[in-house]
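No value in this document is a laboratory result; all are computed from the given coordinates. Note that this is a predicted model, so its numbers are computed, not measured. We place every Cβ from the backbone using ideal geometry, glycine too, and count neighbours over all the protein chains shown.
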Amino acid sequence: MGSVRWAFRCGSWTPTGSDWQFAARCVQREEKDRIEKFVFAKDAKSAMAGRLLLRKCVCERMGIPWSAIRLERSPRGKPYLAAPLKVRPDPGPEPPAWSFNLSHQGDYAVLAAEQGVQVGVDIMKTTMPGSSSVPEFFRIMTRQFTAYEWSVIQSGGSEQQQLAAFYRHWALKESFIKAIGTGLGFNLQRVEFHLSPEPLTQKYALRQTKMHLDEEEDDDWVFEESLLDTDHHVAVALGPADNADSAPLRPALPPPTSFTLLSFSDLIASASPLTEEDPACWDRFKMKAEAPQRQKETHAST
Ligand SMILES: CC(C)(COP(=O)(O)OP(=O)(O)OC[C@H]1O[C@@H](n2cnc3c(N)ncnc32)[C@H](O)[C@@H]1OP(=O)(O)O)[C@@H](O)C(=O)NCCC(=O)NCCS
C-alpha cells in the first residue's frame with residue numbers, strides 16, 4: 001500500500017513567465033481556462049499548483065505517462081482519474097486502486113493519496129475573521145459544529161487559541177466531507193470530532209482523533225492531523241473504499257506520513273505539455289492583483 005502527502009507553498013510562489021507558461025501547458029485545456037478566470041493571482045496559483053500535484057501523483061505513483069492522464073470531476077466537483085482505466089498492461093490482479101484529494105487554502109496547496117482506501121484532505125489557516133469579531137464569527141458558524149464541539153472550541157484560552165481549535169475542527173469535518181465527495185449536501189451535525197489530547201506538531205502526523213457519526217464512534221474512519229507550520233492545520237480522512245469488505249481499516253494502513261514540501265521544480269519534474277504555447281496567458285496572469293486588499297490586511301494582522 002502506498003501513501004503520498006505533498007505540500008506546495010503557493011503563497012510565496014512567484015512564477016517567472018516561462019514557469020507559468022510551461023505550467024499552463026501541462027494541465028488540461030479546460031483547467032487552464034478555469035485557472036485563467038480567477039481574478040486574483042493567489043487563487044490562480046493555488047488552483048494551478050493543485051492540478052500539477054494531481055497529475056504528478058498519478059504519473060509518478062500510478063505509473064501513467066503525463067500526456068495519457070485524463071482527469072475529470074464528479075457531479076459535485078471531486079477530481080478522479082477518468083482514463084486510462086487499466087493502469088498495468090500485464091494480466092494478473094490489479095493492485096488496490098489509488099484515491100486522491102487536494103486542498104488549497106492559506107499559503108499552501110496539499111495533496112493526499114492512498115491505495116485501497118477513500119481519501120479526503122483539508123488545509124485551514126488560522127486567521128482572524130475579516131469583517132466581524134471572533135464571537136460574532138462563531139455565532140454565524142453555530143450550525144457547522146455540535147454543542148460538544150463548540151464547548152471544546154470555546155474552552156481555548158485566548159481568541160487565537162479558540163480560532164486554532166475552530167479551524168482544526170473545520171479541517172477535520174471538511175476532510176471527511178471531501179473523502180465521501182458530497183460537498184455542501186451533507187448535514188454537518190451528523191459528524192462530531194473528539195480530539196486527541198496530544199498537541200499537533202509539524203514533526204509527525206497524529207491518528208488519535210475520533211469521529212462520531214450519528215452519535216456513535218465510527219472506527220471505520222481514521223483521521224491524520226498535522227501542522228504544516230504554526231498556523232496551517234491539515235487533516236487527512238481515510239475511510240473504507242467503496243468496494244472494501246468489512247476488514248478493519250487501521251491494520252491495513254501504512255504508518256502515518258508527514259507532508260513533504262515540494263519545490264516548483266519537483267511539481268513539474270515529470271510534466272510534459274498537453275497544449276500549444278500561449279505566451280498571452282502570461283500577459284493575462286501578470287495583470288492580476290495578488291489578493292483582495294481586505295484579505296491581505298487580515299492575513300498581515302495574524
Ligand atoms: C467544495 C468543497 C469540496 C471544499 O471546498 P473548499 O474547502 O473551499 O476547498 P479546498 O481547497 O479544501 O478543496 C478544493 C479542492 O477539492 C476538490 N473538490 C472539489 N469538489 C469536491 C468534492 N465534492 N469532494 C471532494 N473534493 C472536491 C477539488 O480538487 C478542489 O480544488 P480544484 O477545484 O482547484 O481542483 C466542499 O467541501 C464545500 O463546499 N464545503 C463547504 C462545506 C461547509 O460548509 N463546510 C464547513 C465545514 S465545518
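Points worth noting:
- Size of electric dipole in region 56-159: Cβ of Lys, Arg +1 and of Asp, Glu -1, about Cα centre, debye, nearest 20: 360 debye
- Length available on full extension from Met141 to Glu30: 0.36 nm per residue minus the Cα-Cα distance, which gives 36.6 nm.
- Restricted to Cα atoms, the chain shows a radius of gyration and a Dmax of 19.6, 61 angstrom.
- Positive-end residue, region 3-300 charge dipole about Cα centroid, Cβ charges, pick of Ala252, Leu267, Gln162: Leu267
- The dipole here belongs to the chain: it is taken about the Cα centre, uses +1 on the Cβ of Lys and Arg and -1 on the Cβ of Asp and Glu, and is about 820 debye.
- Count Lys and Arg as plus one, Asp and Glu as minus one, and take only other residues whose Cβ is under 11 Å from that of Ala280; the net charge is then -2.
- Extreme residue, positive dipole direction of the chain, given options Cys26, Val58, Asn187 (C-beta unit charges): Cys26
- Among beta bridges that DSSP assigns inside the chain, antiparallel share in %, nearest 5: 95 percent
- When the charge dipole of region 3-300 is built from unit charges on Cβ atoms (+1 for Lys and Arg, -1 for Asp and Glu) and taken about the Cα centre, the candidate among His104, Val236, Leu213 whose Cα reaches farthest toward its positive end is His104.
- Applying a DSSP loop filter and a limit of 10 other Cβ atoms within 10 Å to the trypsin sites (Lys or Arg not before Pro) in region 122-229 leaves Lys203.
- All distinct Cα pairs of region 1-116 go into the 1/r average, and the inverse of that average, the Kirkwood radius, is 15.0 Å.
- Value of [θ]222 nm, deg cm²/dmol, for the chain, DSSP H segments ≥ 4, -39500 (n - 2.57) each, nearest 500: -9500 deg cm²/dmol
- 14 Å beta-carbon shell around His104, net charge (K/R +1, D/E -1): +2
- Applied to region 189-200, the Karplus parametrisation 6.51 cos²θ - 1.76 cosθ + 1.60 on θ = phi - 60° returns per-residue 3J(HN,Hα) values of 6, 6, 10, 9, 9, 10, 6, 5, x, 6, x, 5 Hz, with x for Gly and Pro.
- Set Lys56/Lys173; Lys45/Lys288; Lys173/Lys210 screened for pairs whose C-alpha atoms are more than 18 Å apart: Lys56/Lys173
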